[in-house]
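Chemist: If you scroll down you'll find the structure; I have some questions about it.
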Amino acid sequence: MRRLLARRMKFHLLGAFLVSLGCATLYKFGVAEPRKRAYAAFYRNYDPVKDFEAMKAAGVLESAPAK
């Protein structure tokens, strides 16, 4: 029973580190990278002036009334 806590803690700390590293890797490649690609694809063809004119025509913007 001597040093049981120390031995078990080494094992659990290593396991926790590996699980957290795995979760971080899965998040990076499962969430962050696809999100970056989606934003890049959206802004590749985005025209802010055209979007502004569409919002202005729809009456969404109070500071720029529709004509």
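Chemist: Just to be sure I understand: if I project the alpha-carbon convex hull of the chain onto a plane and average over all orientations, what area do I get in nm²?
Modeler: 8.3 nm²
Chemist: What percentage of the solvent-accessible surface of region 4-58, computed with a 1.4 Å probe over protein heavy atoms, is contributed by carbon and sulfur atoms?
Modeler: Here carbon and sulfur together make up 70 percent of the probe-accessible area.
Chemist: Hey, what number do you get for the chain at 222 nm if only DSSP H runs of n ≥ 4 count, each worth -39500 (n - 2.57), divided across all residues, to the nearest 500?
Modeler: Computed mean residue ellipticity for the chain: -23000 deg cm²/dmol.
Chemist: When ligands, DNA and RNA are left out and all protein chains stay put, how many square angstrom of accessible area per residue does the chain have with a 1.4 Å probe?
Modeler: Per-residue value: 95 Å².
Chemist: Another question about this same structure. Angle check, please: helix 48-58 long axis (alpha carbons) against the longest principal axis of the chain (alpha carbons), in degrees 0 to 90, nearest 10.
Modeler: Long axis of 48-58 versus the principal axis of the chain: about 60 degrees.
Chemist: Dipole of the chain, Cα-centred, from +1 at each Lys and Arg C-beta and -1 at each Asp and Glu C-beta, to the nearest 20 debye?
Modeler: Computed charge dipole of the chain: roughly 900 debye.
Chemist: Set Lys and Arg Cβ to +1 and Asp and Glu Cβ to -1, take the dipole of the chain about its Cα centre, and tell me which of Leu13, Phe29, Ala58 lies farthest positive.
Modeler: Farthest along the dipole direction, towards plus: Leu13.
The values are calculated or read from the model by the stated rules, or taken from the named source; none is laboratory data. All values reported here derive from a predicted model rather than from experimental measurement. Reconstructed Cβ throughout: ideal geometry from the backbone, glycine too, with neighbour counts over all protein chains shown. Only protein heavy atoms, including side chains, enter the accessible area calculation; ligands, DNA and RNA are left aside. Shrake-Rupley method; radii C 1.70, N 1.55, O 1.52, S 1.80 Å.
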